[in-house]
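A short worksheet on the structure shown next.
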Amino acid sequence: MFDRMLSLLVALGLALLVWLYARSFDKVYELPEVPVHFLCPADFPLRPRFLDERAGRLSLRVRGPARSEPPKVYAFIDLIQGHCSTPGSYQQPVQIQLPKDFELAQEPPPSASFQLMPVERPAPAP
């Protein structure tokens, strides 16, 4: 019984060391100007617009494998789910899409405030 417990502790210790070793190759990337896009359904009759221009960009910190180029990170507000379907002011979470093996190295970004306004269509020609 004692031998099994000792073997289990040794195995867990080795697994922890391997995990820490693998994490030592990670790098934290500072991404100061990630644009926030709107993900809209096809033929969406409204035009999204941020209430504050600064809400259209995020500063993010992500952790992942060391590379010569920073990772491509996408930030977006999902309007496809149908929660925002009428003109007005809204506040929705910003979703982040990260490359494989990357993770946020910070708290998730705050929600963003925006307006949905009807799309102005040109009047038909007489």
- Item | Test result for F44, at pLDDT below 90 and aromatic (F, W, Y) | yes
- If we keep only residues of segment 38-86 that are among the hydroxyl-bearing types (S, T, Y) and within 29 Å of D101 (Cβ to Cβ), then the residue surrounded by the fewest Cβ atoms within 10 Å (Cβ to Cβ) is S68
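To keep it simple, each residue is scored yes or no on (1) of a type in the set (D, E); (2) touching a residue at least 40 places away in the same chain (Cβ under 8 Å); (3) under 18 Å from P41 (Cα atoms); (4) not in a strand (DSSP E or B).
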{"position": "E69", "(1), (2), (3), (4)": "yes, no, no, yes"}
{"position": "F76", "(1), (2), (3), (4)": "no, yes, yes, no"}
{"position": "I96", "(1), (2), (3), (4)": "no, no, no, no"}
{"position": "P99", "(1), (2), (3), (4)": "no, no, no, yes"}
{"position": "E107", "(1), (2), (3), (4)": "yes, no, no, yes"}
- Hey, Y74 hits all of (1) touching a Cys at 6+ places or on another chain (Cβ under 6 Å); (2) within 17 Å of P35 (Cβ to Cβ) but one; which does it fall short on? (1)
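The rows are residues; the columns are (1) under 13 Å from the mean Cα position of the chain (by Cα); (2) among the aromatic types (F, W, Y); (3) part of a loop (DSSP other than H, G, I, E, B).
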| residue | (1), (2), (3) |
| --- | --- |
| P41 | no, no, yes |
| R54 | no, no, no |
| V62 | yes, no, no |
| C84 | no, no, yes |
- Test R47 against the criterion of being touching a residue at least 60 places away in the same chain (Cβ under 8 Å) and in a strand (DSSP E or B), and give yes or no. yes
- If we scan segment 114-122, do we find a residue that is among the basic types (K, R) and part of a strand (DSSP E or B)? no
- Matching residues in segment 97-116 - criterion: being over 30 Å from T86 (Cβ atoms) and among the polar types (S, T, N, Q): Q106
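The values are calculated or read from the model by the stated rules, or taken from the named source; none is laboratory data. Worth saying up front: this structure is predicted, and the values here are computed from it rather than measured. When we count neighbours, we look across all protein chains shown, and the Cβ atoms used for this are built from the backbone with ideal geometry, even at glycine.
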